[in-house]
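Student: Have a look at this one before I ask anything.
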Amino acid sequence: MNTARPSIEQVVQALESRQKRAARALLHAWWMPLKTEWLPGGPVWVVGRNFHIPFQQPLLHALTQLPHEAKGIRLCVDRIDFWRLAATELWEAKRFDTLKLRLSGALSFYNPWTYLLWGRLLARENLTADAGKYLLLSGLYQSHEEGCVEAFKKRCQHMSPQQVISQFPRPCHQRWARAQFPERVLRDCSELPCPPWWLRRVVL
C-alpha cells in the first residue's frame with residue numbers, strides 16, 4: 001500500500017465523528033468520494049461508488065463496522081447500500097415520482113434491489129408484463145407479485161430464444177451482471193425459451 005495514504009484509523013475517526021471536510025480529504029486519498037444525499041429521514045453520507053478497487057477493501061470492511069448514525073447523520077458505505085435505504089424511505093413516504101426519477105438513472109447497471117423497486121413502480125402503473133420482467137430479473141419479488149412475472153413469461157412463450165434475450169435490459173447482458181443473478185432468476189428464465197448459455201451460472 002502507498003505509505004503516503006492516510007491510515008484506516010484516521011478515516012474511521014473522521015467519519016465516526018462526522019468531520020466532513022477532514023473525512024472527504026482523507027477518502028480522496030483512497031480514491032473514494034463522500035457525498036451528502038437527502039432522504040425523508042434526513043441527511044445521509046454516502047461513501048464510495050457502485051464498484052471498488054481491491055486496495056480499498058480493508059478500508060471498506062472497517063467502515064461497515066461503524067455505527068449507522070451519529071450526530072443525526074446516517075452513513076452508507078457504497079451506493080448500493082444507499083439505494084436500499086433510499087428506496088425504502090421514498091416508498092414508505094409515498095414519494096413515487098421522486099423514487100422513479102432516482103431509479104431511472106440507476107438502471108444503467110444491474111442491481112437486484114433496483115430492479116425490484118422499478119418493477120413495483122411499473123406495477124403501480126398497471127404495466128403488468130413490463131413490471132414482471134424487472135421483478136423476474138431481481139429474483140427478490142414476493143408471492144403477491146408472481147402474477148406480474150407470469151404475465152411476462154406468457155408474453156415471451158412464443159418468442160425465439162434470441163427474441164427473449166432482446167427483451168431484457170442491456171445491462172443484464174454483461175457477464176459481470178449475470179454473475180450477480182440470484183438463483184431464482186435462472187430458475188425463472190429456465191421456464192422461458194432462453195438459449196442454454198443464458199441459463200448457465202457465470203463465474204468471474
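The values are calculated or read from the model by the stated rules, or taken from the named source; none is laboratory data. None of these values were measured; they are calculated from a predicted model. Positions of Cβ are generated from backbone atoms using ideal geometry, with glycine treated the same way; all protein chains shown enter the neighbour counts. Side chains are part of the model used for accessible areas, which takes the heavy atoms of the whole protein and leaves out ligands, DNA and RNA. Shrake-Rupley method; radii C 1.70, N 1.55, O 1.52, S 1.80 Å.
Student: Of R187, R170, R200, which residue is closer than 19 Å to Y115 by Cα, without any contact (Cβ under 8 Å) to a residue 12 or more places away in the chain and over 17 Å from the mean Cα position of the chain (by Cα)?
Tutor: From the options R187, R170, R200, the qualifying one is R187.
Student: Output the residue which, of all residues in segment 154-167 that are in contact (Cβ under 8 Å) with a residue 24 or more places away in the chain and either part of a loop (DSSP other than H, G, I, E, B) or among the aromatic types (F, W, Y) (or both), is farthest from G132 (Cα to Cα). First the steps, then the outcome.
Tutor: Applying the first criterion (in contact (Cβ under 8 Å) with a residue 24 or more places away in the chain) to segment 154-167 yields 154-157, 159-162, 164-165, 167.
Of the ones still in play, those that are also either part of a loop (DSSP other than H, G, I, E, B) or among the aromatic types (F, W, Y) (or both) are 157, 159-160.
Details: Q157: 14, M159: 16, S160: 19 Å.
That would be S160.
Student: Now for a different question. Quickly run through segment 91-116 and pick out the residues that are among the aliphatic types (A, V, I, L, M), farther than 22 Å from R175 by Cβ, open to solvent by less than 60 Å² (accessible area, probe 1.4 Å) and modelled with pLDDT under 90.
Tutor: Scanning segment 91-116 gives L99, L103.
Student: Quick check: is even one residue across segment 23-31 aliphatic (A, V, I, L, M), in contact with a helix residue (DSSP H, G or I) (Cβ under 7 Å, 6 or more places away or on another chain) and within 27 Å of N111 (Cβ to Cβ)?
Tutor: Yes, because at least one residue in segment 23-31 is aliphatic (A, V, I, L, M), in contact with a helix residue (DSSP H, G or I) (Cβ under 7 Å, 6 or more places away or on another chain) and within 27 Å of N111 (Cβ to Cβ).
Student: Right, something else. Got a sec? Which strands (runs of 3 or more DSSP E) wholly within segment 1-116 have at least 1 residues that are of a type outside the set (G, A, S) and in contact (Cβ under 8 Å) with a residue 60 or more places away in the chain?
Tutor: Values: elements: 34-39, 42-47, 73-77.
Strands (runs of 3 or more DSSP E) meeting the threshold: 73-77.
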